[in-house]
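Here's the structure, in structure tokens; my notes come after.
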Amino acid sequence: MKIVPLTAALLALVLAPAAHAQPATKATPVSPTAAAFLAQFATEGTDSVSWAQFEAFRKQRYTDTDRNQDGHVDEQEYVDEYLQRFDVRLADARTGHLRQTDIRFKALDRDGNGAISRAEYDAAGERTWAGYEASQNATQETAAASSRDPLKMPTSHTANGMLELYDRNQDGAVDRDEFDAVRAAGFAATDADGNGTLSLAEYTAEFSGRLEQQRQRVRADAARQARVRFASLDKDTDGRMTFAEYQLSGKRMFDRADSNGDGIVDARDPEPVAGAHSANGNR
């Protein structure tokens, strides 16, 4: 049977996919807390974690932490397991910082000759000082940013970073003399061969050394914090943490992310109120 053009056009409209007739719905945004939780505990390709799934994960982690398999987790086992995970985060953070170092070097090397002259170095300092003067209330680092970067290297883009880098007399402010003195000392320390310019190797080596010092500091602090957490979790103070004691913190972590209380962490959970326990997985 021959179909006339008008009939064919009508059939095409009827048979067109429904997607063309209705606008696509937007995906529900995931709250920062739920997103952080899912990033750690959701299996690949999924976007939700139930309490049963999380409890199974915690049981396996507890078993893995119990290195001598005596059915309990002692303080050293707890600290060792946490530091093993923390070291992975530190290594990833170090890689990211070194990648940014290469980017910063190229930005400072304005003439692109592969070396940072003292003039280029000082010009960068002037830009930093101008930014600091323009806004004494420079952006503070947030708790979320600190959580993402376990190395927490100070940056001149924040008020607290400027103080950490340049406030040598600890008076809560940075004056120009302090700033210039620290910058000059920094250039001299980085210029290993003393030729008056900074090569990429020198620039990277100096920053890498500071990264390592910071890694040691934050790792030691992480170990101390882990011991404090163990003491808090070991409710009967017998030096041996049962799974029930261990899972108390897990339940708090899950409940904070599962803010709507339906037993599943997913995009339907709104951001919890301030002051609730963190979903950063430390415990």
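Might you let me know whether region 177-187 holds any residue that is of a type in the set (Asp, Glu) and within 25 Å of residue 32 (Cα to Cα)?
no
Considering region 27-83 alone, what residues qualify as being basic (Lys, Arg) and either within 25 Å of the chain's Cα centre (by Cα) or open to solvent by less than 60 Å² (accessible area, probe 1.4 Å) (or both)?
58, 61
Would you check if there is a residue in region 203-217 being under 29 Å from residue 274 (Cβ atoms) and at pLDDT 95 or above?
yes
For region 98-118, what are the residues that are surrounded by 11 or more Cβ atoms within 10 Å (Cβ to Cβ) and more than 17 Å from residue 157 (Cα to Cα)?
Those that are surrounded by 11 or more Cβ atoms within 10 Å (Cβ to Cβ) and more than 17 Å from residue 157 (Cα to Cα): 98, 102, 106, 109, 110, 114, 115, 116, 117, 118.
Can you pull out every residue in region 108-140 that is at pLDDT below 95 and assigned to a loop (DSSP other than H, G, I, E, B)?
135, 136, 137, 138, 139, 140 - these are the residues of region 108-140 that are at pLDDT below 95 and assigned to a loop (DSSP other than H, G, I, E, B).
Limited to region 197-212, what total is found for residues that are open to solvent by 30 Å² or more (accessible area, probe 1.4 Å) and not in a helix (DSSP H, G or I)?
Adding up the residues that qualify gives 2.
In region 223-258, what count of residues is obtained for those that are of a type in the set (S, T, N, Q) and open to solvent by 50 Å² or more (accessible area, probe 1.4 Å)?
First, pick out the residues of region 223-258 that are of a type in the set (S, T, N, Q): 225, 232, 237, 242, 247, 249.
When the remaining residues are screened for being open to solvent by 50 Å² or more (accessible area, probe 1.4 Å), the result is 225, 232, 237.
Total meeting the criteria: 3.
Do we have residue 220 as closer than 18 Å to residue 91 by Cβ, open to solvent by 20 Å² or more (accessible area, probe 1.4 Å) and free of Cβ contacts under 8 Å to residues at least 12 places away in the same chain here? Show your work before the answer.
Values: closer than 18 Å to residue 91 by Cβ: yes; open to solvent by 20 Å² or more (accessible area, probe 1.4 Å): yes; free of Cβ contacts under 8 Å to residues at least 12 places away in the same chain: yes.
Spelling it out, residue 220 is indeed closer than 18 Å to residue 91 by Cβ, open to solvent by 20 Å² or more (accessible area, probe 1.4 Å) and free of Cβ contacts under 8 Å to residues at least 12 places away in the same chain.
For region 154-172, give me each residue that is assigned to a loop (DSSP other than H, G, I, E, B) and surrounded by 13 or more Cβ atoms within 10 Å (Cβ to Cβ).
Residues satisfying the conditions are 154, 155, 156, 157, 158, 167, 168.
The values are calculated or read from the model by the stated rules, or taken from the named source; none is laboratory data. Note that the structure is a prediction, hence the values are computed from the model and not measured. No Cβ is skipped: glycine too gets one built from the backbone with ideal geometry, and neighbour counts run over all protein chains shown. Surface accessibility is based on the protein's heavy atoms, side chains included, excluding ligands, DNA and RNA. Shrake-Rupley method; radii C 1.70, N 1.55, O 1.52, S 1.80 Å.
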